[in-house]
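Novice: This is the structure, below, for whatever I ask next.
The values are calculated or read from the model by the stated rules, or taken from the named source; none is laboratory data. This structure is a prediction, so every number in the text was calculated from the model and none was measured. A quick note on method: Cβ atoms are made from the backbone with ideal geometry, for glycine too, and the neighbour counts reach across all protein chains shown. Note: areas computed on protein heavy atoms with side chains; ligands, DNA, RNA excluded. Shrake-Rupley method; radii C 1.70, N 1.55, O 1.52, S 1.80 Å.
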Amino acid sequence: MSVVETAPSESAEPPAVSGGARARARLRSWRPNLIMGVASLVLAAYMTNGLWRDPATSAIAENKGDQAFFEWILGYGVYTLSHGADPFYTWMMNAPLGVNLAANTSITVYTVLFSPLTFLAGPQVSFVAILTLNLAGSAFAWWLFLRRYLVRNPAAAALGGIFCGFAPGFVSHANGHLNWTAGWVAPVVLWWVLKLREPGRWIRNGVVLGILIAVGFSIAAEGLFFTALASGIFLAVWSLLPATRHEARAALPTVLAGLVTAAVIALGLLMYPLYMHFDGPRTFTGTGFNQFYYSEGLAAYFEYPTRSIAGSLGWGNDLAPNATEETSYFGAPLMVLIVVAFVTLWRRAEAGRRSTLAALITVGVVFFVLSLGPELKIFKPLTGIWLPYQALMHLPLFDSALPARLALVVVGVFGIVLALTADRLLSEPLPSVTSHTVWAAGYALALLPLFPLPIVTEHRAPEPAFIADGIWRDYVSDNGVLSTLPFATTDMADGQRWQAYTMARAGKQFRIPDGYFLGPGGPDGTGQIGASARNTDWLFFRAAFYGYMQPIDDFDRERAREDFKYWNIEAVFLADDITGSHSQLYRSAVEITATDLLGQPERVGGVLLWRIRPGVDPQ
């Protein structure tokens, strides 16, 4: 495929050597992998050290809501295995309607694989373990891919792998997204896509690729879609160019046979989750997020990310919708370096390698343009200039994507260009020492300011004894409905987290109304975040979020009776310590509102508890 195979000195053993020498040679061949693996893991642990210090009471400052959702999913994984529940639809949240988890980022494979750790240590520990392994695994997987297909020099592959695993976009998504930090999915899938052309192995390669597609869908469906789209563009361009057209024609029958095999395997494994995703109960179109808002501004590519050395020096920006969506933010020096590096590679490349470079840059340009969304933004304001994504935004799959995240594919393109250029610089003699110095200075100027800073963490409310010690079991029936005050939402995630901890312990469980999830309810059948608010949960939301305490009258009490009956709530409670996802909550306002509405509470297990008789209370 006009790409470099693994260097013979590292892939083949010398003939006629003793067993000890052969073992030492094998150890030497694995030494670079071991060093890269350890380096990736150390860097990932450095990024997540704030969570590791105290997983129970530390939360990601920028995104407690998503962290709570993924911890809930991990707790539900234990519940699924212990109760035989449906992994793609749950009744444990959003009572009485439930939630279609297949239409959410349910990371099903992770919930199963990490269920022993979740059961033993809690979903908080599983969350930070997966986040750390995602970051480290992404860098290591790109290292292996680059070594296998594109570069010979280990240092060049390490540079590309570290960049791809810890680029600004993935560091940004480390603020709570276990799906998007699984950047290892792309190089692993690409690896087996390229292996499809191996003659005589289309069944094996197709089966493996089909399994990987199923795994990728269950962990990062949107990322898998982007990977498939990028692969299709790359292969189409590469196959049509004159220098490589004959290779493509020769490999076509084998590749098609492998693709058909992969499709059969993937569809077989994904038949039920795909049905649930597209046509199951409580499905929806879109995501509930504005695609115009969640698109990349042109200037964002030239700005620095906030969680970087440059950001700490005051060179950051406020262009992203939030700190979790800084998906490009490469900085002007890197943008210039990529252009210079690509031109240099092109000039020195032979015809076959030029085909690879042409296909690669096509992928980069296409995803760069698409990441700008349906309407051009230079900085934040829309300019009124329509872009190609406008024609795609209502198509299936594209309607559920956020355009800015397409810039994460550009990360892979940039990483490959950096690795290819470094490989040439380290493998071929340059005209002078000055040339080496200029290139080294260019890499340093472009990459050092992007070196990531650890994820910012802050305190979150610990699990009250009422939940931790199982006291709640005395007040709620098995699978009865119990709610925190305020009700669980993306802005107030305590109730969802605490339910996750009980599910992780197996045994008797309770359900909750509301919660943070994606579901139907938006305009024209589109999705929305969470449940549609009723009078009573909105009453407590305003008290907690704004400190607003409205006078309680008979109308509010009648609506509360109706709402409690709808949810079938048996009890509500208010913990001594509650935390919001983005701001401090007004606990005293919640207590005053609840007491006015429901009367004096009981003091049980570190919480204020109000028992509810549906249809009767409040009296």
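Novice: Measure of size requested: the Rg and Dmax of region 79-229, with Cα atoms as the atom set and Å as the unit; please supply both.
Specialist: 17.3, 58
Novice: Give a residue-ordered list of calculated ³J(HN,Hα) values for region 355-368 (Karplus: 6.51 cos²θ - 1.76 cosθ + 1.60, θ = phi - 60°; whole Hz; x for Gly, Pro).
Specialist: Once rounded to whole Hz, the list reads 4, 4, 5, 5, 5, 5, 5, 5, 4, x, 5, 4, 6, 4.
Novice: Averaged over every viewing direction, what's the projected area of the C-alpha convex hull for region 173-301? Give it in nm², one decimal, please.
Specialist: Over all viewing directions, region 173-301 projects a mean Cα-hull area of 10.4 nm².
Novice: Also, quick follow-up: What is the magnitude of the charge dipole of region 343-446 about its Cα centre, with +1 placed on the Cβ of each Lys and Arg, -1 on the Cβ of each Asp and Glu, and no other charges, expressed in debye to the nearest 20? Could the numbers behind the result be given before it?
Specialist: Numbers: 8 positive and 5 negative charges, 28 e Å.
In debye, rounded to 20, region 343-446 gives about 140.
Novice: Kindly express, to the nearest 10 degrees and within the range 0 to 90, the angle between helix 245-279's C-alpha long axis and the longest C-alpha principal axis of the chain.
Specialist: 10 degrees
Novice: Once fully extended, how much extra length lies between Thr437 and Asn322, figured as 0.36 nm per residue of separation less the alpha-carbon to alpha-carbon distance?
Specialist: On the way: separation 115, 0.36 × 115 = 41.40 nm, distance 3.80 nm.
Extending this stretch completely gives an extra 37.6 nm.
Novice: With θ set to phi - 60° and the Karplus curve 6.51 cos²θ - 1.76 cosθ + 1.60, what are the ³J(HN,Hα) couplings of region 301-308 in order, to the nearest whole Hz, using x for Gly and Pro?
Specialist: These are the phi-based 3J(HN,Hα) values: 5, 9, 8, 9, x, 6, 8, 8 Hz.
Novice: Heavy atoms only, probe 1.4 angstrom, no DNA, RNA or ligands counted: give me Val456, Val99, Val365, Val237 ranked by accessible area, highest first.
Specialist: So the residues, ranked largest to smallest area, are Val365, Val456, Val237, Val99.
Novice: If you project the alpha carbons of region 556-605 onto the principal axes, what extent comes out on each, in Å, largest first?
Specialist: Cα extents, longest axis first: 30, 25, 18 Å.
Novice: Quick check for you: with a 1.4 Å probe and neighbouring chains kept, what is the accessible area per residue of region 64-186, in Å²?
Specialist: 24 Å²
Novice: Compute the distance in nm between two label points, each set 7 Å from the Cα along the Cα-to-Cβ direction, one at Leu445 and one at Leu426.
Specialist: Modelled inter-label distance: 2.3 nm.
Novice: Can I ask one more? State the percentage of accessible surface on the chain attributable to carbon and sulfur atoms; use a 1.4 Å probe and exclude ligands, DNA and RNA.
Specialist: So the carbon and sulfur contribution to the accessible surface is 64 percent.
Novice: Follow-up. So how strong a dipole does region 500-619 carry about its Cα centre when Lys and Arg Cβ are +1 and Asp and Glu Cβ are -1, to the nearest 20 debye? Present the calculation step by step, with values, prior to reporting the outcome.
Specialist: Numbers: 13 positive and 16 negative charges, 87 e Å.
I would put it at about 420 debye.
Novice: A follow-up question, please. List the lysines whose alpha-carbon lies under 17 Å from that of Lys380, not counting same-chain residues fewer than 8 positions away?
Specialist: By straight Cα distance, Lys380 reaches no lysines at all.
Novice: Subtracting the Cα-Cα distance from 0.36 nm times the residue separation, let me have the gained length for Phe292 to Phe379 in nm, one decimal.
Specialist: 30.0 nm
Novice: Hey, another quick one. Work out the charge dipole of the chain with +1 on the Cβ of Lys and Arg and -1 on the Cβ of Asp and Glu about the Cα centre, then indicate which of Pro123, Trp72, Tyr46 is farthest towards its positive end.
Specialist: Selected residue: Tyr46.
Novice: If one takes the longest principal axis of the Cα atoms in the chain, at what angle in degrees, from 0 to 90 and to the nearest 10, does the Cα axis of helix 535-546 lie?
Specialist: 70 degrees
Novice: Please compute the length gained on full extension between Ile203 and Arg559, using 0.36 nm multiplied by the number of residues separating them and subtracting their Cα-Cα distance.
Specialist: Full extension from Ile203 to Arg559 adds 122.0 nm.
Novice: Residues of region 518-601: accessible area per residue at 1.4 Å, in Å²?
Specialist: Accessible area per residue: 48 Å².
Novice: Label point 7 Å out from Asp474 along Cα-to-Cβ: which residues of region 603-619 have amide N under 15 Å?
Specialist: 603-611
Novice: I would also like to ask the following. Using DSSP loop states and a limit of at most 15 other Cβ atoms within 10 Å to flag chymotrypsin sites (Phe, Trp or Tyr not before Pro), what is the longest stretch of the chain containing no flagged site?
Specialist: With a cap of 15 other Cβ atoms within 10 Å, the longest stretch comes to 92-291.
Novice: Measure nothing but the geometry: give the 0 to 90° angle between the long axis through the Cα atoms of 185-195 and the longest principal axis through the Cα atoms of the chain, rounded to 10°.
Specialist: Between helix and principal axis, roughly 40 degrees.
Novice: Using the C-alpha atoms of the chain, what convex hull volume per residue, in cubic angstrom, is computed?
Specialist: Dividing the Cα hull volume of the chain by its residues yields 175 Å³.
Novice: In addition: Per the helix-only calculation at 222 nm, which mean residue ellipticity applies to the chain, given -39500 (n - 2.57) for every DSSP H run of n ≥ 4 and division by its residues, nearest 500 deg cm²/dmol?
Specialist: Taking each H run of at least 4 residues, the total per residue is -17500 deg cm²/dmol.
Novice: For region 192-303, what does the accessible surface come to per residue with a 1.4 Å probe? Please give it in Å².
Specialist: Dividing the accessible area of region 192-303 by its residue count gives 48 Å².
Novice: Excluding Phe284 itself, calculate the net charge of residues whose Cβ lies under 11 Å from the Cβ of Phe284, where each Lys or Arg counts +1 and each Asp or Glu counts -1.
Specialist: Combined, the nearby Lys, Arg, Asp and Glu give -1.
Novice: Same structure, new question: Name the long-range amide H neighbours of Leu518: under 5 Å, sequence gap of 5 or more, or other chain; modelled H, no Pro or chain starts.
Specialist: Amide H neighbours of Leu518, under 5 Å, 5+ apart: Gly530.
Novice: Residue by residue, what Karplus-based ³J(HN,Hα) values in Hz, rounded to whole numbers, does region 131-148 have, using 6.51, -1.76 and 1.60 with θ = phi - 60° and x for Gly and Pro?
Specialist: My calculation for region 131-148 gives 4, 5, 5, 4, 5, 5, x, 5, 4, 5, 5, 5, 4, 4, 5, 5, 5, 6 Hz in order.
Novice: Mean separation of Cα pairs under 8 Å and 6+ residues apart, divided by the residue count of region 335-400: what relative contact order is that in percent?
Specialist: Details: 38 pairs, mean separation 12.4, N = 66.
Value for region 335-400: 19 percent.
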